[in-house]
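Everything below concerns the one structure shown next.
The values are calculated or read from the model by the stated rules, or taken from the named source; none is laboratory data. This one's a predicted model, so the numbers in the text were calculated from it and none came from an experiment. All Cβ positions, glycine included, derive from the backbone under ideal geometry; neighbour counts span all protein chains shown.
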Amino acid sequence: METTPNAKSPALIIKVLLATICMFAGFAGFFLSIWKKNYYAAPACLILELVCVALLQLNSKYVKGQLFQKFSHNKLTICMFIAAFLWAVTLAGSIYFLVSAVKLEQEFYPIKDGFYFALIPCVLANVFSICLIYDSRKFMKMSAQHHANTMHNLS
C-alpha cells in the first residue's frame, strides 16, 4: 500500500468534502442555468463539475493506495496541464464576468445573463483547479520516487 500516514489528514477530508459539494452544486447549477437561460453560467458549471470530478478521482485513488496502479507519471502530467489550462480559462472567465457585472451594474440573479451568478462557479472552478495542479505535482513527485524505489529494488 502506498499511502502515507497523513493520507487522511483533516485538510484532505475538508478538500474532498468541499469538492463533493461543489461537484453536485455544479451539476445542479448547470441545469438551473439552462432552465433560466443563463448561458454564461452553464459552461462555468460544467468546468466546475469536471475539475471536481478529476480532483476527487485523483484523491480517492491516493487514499485507497491505487494511485500508481491507475495513474502513470504521464497521466499525472497530462492531468496537471489540463488543470493549468482550466485554471487559465476560469481566471479569464472570472475577470470577464466580474467586469461585465460591474460595468452593467447588475444585481445577483440567475436569469438571462446574470454575470454574478456565472462568476460563482467560475471562481470555485479556479480554486479547485489550483488544488488539482498542486495535487498532480505532489503525486508526480511521489510517482518519481516510487519509480526510483522500484528500479532500486530490482537491481
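Considering each residue of the stretch 28-39 in turn, none proves to be within 15 Å of the chain's Cα centre (by Cα) and not in a loop (DSSP other than H, G, I, E, B).
For the stretch 28-44, does any single residue satisfy the condition of being under 21 Å from CYS79 (Cα atoms) and charged (D, E, K, R)? Scanning the stretch 28-44 turns up no residue that is under 21 Å from CYS79 (Cα atoms) and charged (D, E, K, R). A single entry from LEU32, LEU86, LEU76 fulfils the requirement of being more than 21 Å from LEU119 (Cα to Cα) and not hydroxyl-bearing (Ser, Thr, Tyr): LEU76. Applying the set (1) out of contact with any Pro (no Cβ under 7 Å at 6 or more places or on another chain); (2) not in a helix (DSSP H, G or I) to PHE24 leaves exactly one unmet item: (2). Being aromatic (Phe, Trp, Tyr) and modelled with pLDDT of 95 or more is the filter here, so list the residues in the stretch 35-82 that pass it. The answer is PHE81, and nothing else.
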